[in-house]
Amino acid sequence: MGFCKFSNNDRKEDSLEEDTNPEIVECNTESIDMDKKMELRIKALEGLVNNSGMIAFLRSPKEDAPFEFISTGIEALGYKVEDFTSGKVTFKDLIHPDDADRIHLELIENALEGANDLRQTYRFRTKKGHVRIVEDRTAIMRDENGKVIYYQGVLEDITDNQ
């Protein structure tokens with residue numbers, strides 16, 4: 001499968017020269033249906049997230065609900081994506097027991113007060129039981145009535161910065 005060659009018709013100097021490389025294929029993105037475009041966008045975003053060194057997540061506000069999504073960055077801590085999407089491992093399982101109540105309470109209080117986001121730092125446990133320090137940046141997603149429907153965020157391991 002070759003790459004699509006795009007050009008910018010707004011300015012002549014921005015357009016690509018004719019290429020004789022047989023691996024480059026002209027394509028018209030207008031002919032791609034919306035489902036395919038969404039699939040391509042999702043794959044592009046997942047690729048960016050998975051290569052960022054961060055762990056992105058989307059989870060229900062229900063405490064023990066499985067994650068809707070967690071990026072492959074979680075594998076650096078010894079877990080598998082499936083551990084979270086199946087519900088085998090919950091968010092609370094990851095947080096050091098001495099930090100768990102504080103983290104949960106801060107999140108609930110901020111959600112009830114109408115906050116749209118929250119930044120927290122806490123200890124996180126790897127699958128082998130090692131402790132890492134993470135910075136958690138969570139967006140609180142709400143429906144049209146203001147009810148919390150998801151927590152979406154990123155975790156960054158900041159242990160070496162401490």
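Can you tell me which residue is surrounded by the fewest Cβ atoms within 10 Å (Cβ to Cβ) among those in the stretch 72-86 that are within 17 Å of residue 125 (Cβ to Cβ), out of contact with any Lys or Arg (no Cβ under 7 Å at 6 or more places or on another chain) and not β-branched (Val, Ile, Thr)? Restricting to residues being within 17 Å of residue 125 (Cβ to Cβ), out of contact with any Lys or Arg (no Cβ under 7 Å at 6 or more places or on another chain) and not β-branched (Val, Ile, Thr), the top hit is 76.
Taking strands (runs of 3 or more DSSP E) as the structural unit, those lying wholly within the stretch 113-162 and holding at least 1 residues that are in contact with a Lys or Arg (Cβ under 6 Å, 6 or more places away or on another chain) and among the aliphatic types (A, V, I, L, M) correspond to 131-142, 148-157.
Of the listed requirements (1) of a type outside the set (Asp, Glu); (2) at pLDDT below 90; (3) surrounded by 14 or more Cβ atoms within 10 Å (Cβ to Cβ), residue 92 misses just one: (3). In this structure, does residue 73 turn out to be assigned to a strand (DSSP E or B) and small (Gly, Ala, Ser)? So residue 73 fails the test. Restricting attention to the stretch 79-116, the residues that are within 17 Å of the chain's Cα centre (by Cα), charged (D, E, K, R) and closer than 20 Å to residue 133 by Cα total 1. Taking (1) surrounded by fewer than 18 Cβ atoms within 10 Å (Cβ to Cβ); (2) at pLDDT 95 or above in turn, residue 140 satisfies each apart from (1). When residue 62 is tested against the conditions (1) in a loop (DSSP other than H, G, I, E, B); (2) touching a Phe, Trp or Tyr at 6+ places or on another chain (Cβ under 6 Å); (3) under 22 Å from residue 145 (Cα atoms), the lone failure is (2). You will find that of 108, 158, 95, 133, the residue that is of a type in the set (A, V, I, L, M, F, W, C) and farther than 21 Å from residue 74 by Cβ is 108 and no other. Given the criteria at pLDDT below 80, in a helix (DSSP H, G or I) and surrounded by fewer than 10 Cβ atoms within 10 Å (Cβ to Cβ), does residue 17 qualify? Criteria not met by residue 17. Taking the criterion of being free of Cβ contacts under 8 Å to residues at least 12 places away in the same chain and either within 17 Å of residue 56 (Cβ to Cβ) or not acidic (Asp, Glu) (or both), the residues of the stretch 95-141 that qualify are 97, 100, 105, 108, 112, 129, 130, 141.
Is there any pair with a first residue in the stretch 42-56 that is in a helix (DSSP H, G or I) and of a type in the set (S, T, N, Q) and a second that is modelled with pLDDT of 75 or more and surrounded by 12 or more Cβ atoms within 10 Å (Cβ to Cβ) whose Cβ atoms are under 8 Å apart and which are 6 or more apart or on different chains, and what are they? Between residues of the stretch 42-56 that are in a helix (DSSP H, G or I) and of a type in the set (S, T, N, Q) and residues that are modelled with pLDDT of 75 or more and surrounded by 12 or more Cβ atoms within 10 Å (Cβ to Cβ), the close pairs are 50/71; 50/72; 50/73.
The values are calculated or read from the model by the stated rules, or taken from the named source; none is laboratory data. This is a predicted model, so every value here is computed, not measured. Neighbour counts are summed over all protein chains in view; Cβ atoms, including those assigned to glycine, are modelled from backbone coordinates with ideal geometry.
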